[in-house]
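Student: Have a look at this one before I ask anything.
The values are calculated or read from the model by the stated rules, or taken from the named source; none is laboratory data. Keep in mind the model is a prediction, meaning the values are calculated, not measured. A quick note on method: Cβ atoms are made from the backbone with ideal geometry, for glycine too, and the neighbour counts reach across all protein chains shown. Areas reflect the complete protein model, heavy atoms only, side chains present, ligands, DNA and RNA absent. Shrake-Rupley method; radii C 1.70, N 1.55, O 1.52, S 1.80 Å.
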Amino acid sequence: MVGDPFRCEDLAKLCEEYKEIKWNREYRTINATYQGADLTITSHGIGGTGAAICFEELIKVGATTIIRLGTCGAM
């Protein structure tokens, strides 16, 4: 998980292969393979509300582990 949708592609380029699934506003989803493991890279835009919506939707479709990458501007 990242906040910025443009950061999804930066992460995807580190993978062996990737395919963009959908991009709508702040939500961008890419399926990828990294070191033989299948993963999904998704952005949620800014704020906790957008992140919570995204996390809930991913869990509904089977996500079991979510790792958030990024910074904390307030710190």
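Student: Of the residues that sit in segment 43-75 and are closer than 15 Å to P5 by Cα and in contact (Cβ under 8 Å) with a residue 60 or more places away in the chain, which one is farthest from the chain's Cα centre (by Cα)?
Tutor: The selected residue is G70.
Student: Considering only residues of segment 20-52 that are among the charged types (D, E, K, R) and under 18 Å from A63 (Cα atoms), which is least open to solvent (accessible area, probe 1.4 Å)? Can you show your working first?
Tutor: If we filter segment 20-52 for residues that are among the charged types (D, E, K, R), which is where we start, we get 20, 22, 25-26, 28, 38.
Restricting the remaining residues to those that are under 18 Å from A63 (Cα atoms) gives 20, 22, 28, 38.
On the way: E20: 79, K22: 128, R28: 11, D38: 132 Å².
Here the residue is R28.
Student: While we're here: Look through segment 31-67, keep the residues that are touching a Leu at 6+ places or on another chain (Cβ under 8 Å) and among the hydrophobic types (A, V, I, L, M, F, W, C), and return whichever of them is modelled with the lowest pLDDT. Don't jump to the end; show me each part of the working.
Tutor: In the first step, residues of segment 31-67 are kept if they are touching a Leu at 6+ places or on another chain (Cβ under 8 Å); the result is 31-34, 40-42, 66.
Now restrict to residues that are among the hydrophobic types (A, V, I, L, M, F, W, C): 32, 41, 66.
Details: A32: 96, I41: 95, I66: 90.
Applying the filter and picking the extreme gives I66.
Student: Follow-up question, since we're still on this one. I'm trying to understand the selection: among the residues of segment 7-42, which are free of Cβ contacts under 8 Å to residues at least 24 places away in the same chain, closer than 13 Å to L69 by Cβ and part of a helix (DSSP H, G or I)?
Tutor: D10
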